[in-house]
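One structure is given here, and the rest of the page talks about it.
The values are calculated or read from the model by the stated rules, or taken from the named source; none is laboratory data. On a predicted model such as this, the values are computed, not experimentally measured, just so you know. Here the Cβ positions follow ideal geometry from the backbone for every residue, glycine too, while neighbour counts run over all protein chains shown.
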Amino acid sequence: MNIRETLSKVDHTLLNVDSTWEQIKELCEDAMRYETASVCIPPSFVKRA
């Protein structure tokens, strides 16, 4: 299994209660760039993300 296949099975996660929108935005951009399986973020950011 190569790195691309591995990343497609990994969740990219940032669940800190003090996360900022900029951190969440960067996390989502990274997830799209590396094609991760999913992104896990605090519920308060879901609608905006």
Scan region 1-13 and give yes if some residue there is at pLDDT 95 or above and assigned to a helix (DSSP H, G or I), otherwise no.
no
Out of all the residues in region 15-48, which are in contact with a Phe, Trp or Tyr (Cβ under 9 Å, 6 or more places away or on another chain) and among the aliphatic types (A, V, I, L, M)?
24
From the set of residues in region 30-49 that are among the basic types (Lys, Arg) and in a loop (DSSP other than H, G, I, E, B), which is surrounded by the fewest Cβ atoms within 10 Å (Cβ to Cβ)?
47
Restricting attention to region 15-29, report how many residues are surrounded by 13 or more Cβ atoms within 10 Å (Cβ to Cβ) and part of a helix (DSSP H, G or I).
5
Scanning region 1-21 residue by residue, the ones that are touching a strand residue (DSSP E or B) at 6+ places or on another chain (Cβ under 7 Å) and of a type outside the set (A, V, I, L, M, F, W, C) total 3
Which pairs turn up if I take residues in region 5-17 that are at negative phi and look for partners that are assigned to a loop (DSSP other than H, G, I, E, B) and charged (D, E, K, R) with beta carbon separation below 9 Å, at least 6 apart in sequence or on another chain?
7/35; 8/35
Hey, could you check region 22-47 for residues that are out of contact with any strand residue (DSSP E or B) (no Cβ under 8 Å at 6 or more places or on another chain) and of a type in the set (S, T, N, Q) and say which is nearest to residue 2 (Cα to Cα)?
23
